[in-house]
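A short reminder: the numbers here are calculations on the coordinates, not readings from a lab. This is a predicted model, so every value here is computed, not measured. Counting neighbours? That spans all protein chains shown, and the Cβs are built from the backbone with ideal geometry, glycine included.
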């Protein structure tokens, strides 16, 4: 929350909308700083982060994410 308020102040428009965007951005950055686990990947996908961004951030391929998902099922 401490990081979201200054970010929202820099934006223009309705305060509620700015705060929502800033808070989502801070949450996504938090999950991207965590190690790669299936729970973190699922949470990022729920927050609207693309597979492409996840793959580029962690330096892996989409098939690696699918393998991670398969290993968590078994």
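Some observations on this one:
- Using the Cβ-Cβ distance between residue 2 and residue 56 with R0 set to 25 Å, the FRET efficiency from 1/(1 + (r/R0)^6) comes to roughly 0.35.
- For the chain, the longest principal axis of the C-alpha atoms and the axis of helix 62-73 are separated by about 70°.
- Taking N as the residue count of the chain, its C-alpha radius of gyration divided by 2.2 N^0.38 Å amounts to 1.31.
- Between helix 15-32 and the chain: long-axis angle, C-alpha atoms, 0 to 90°, nearest 10: 30
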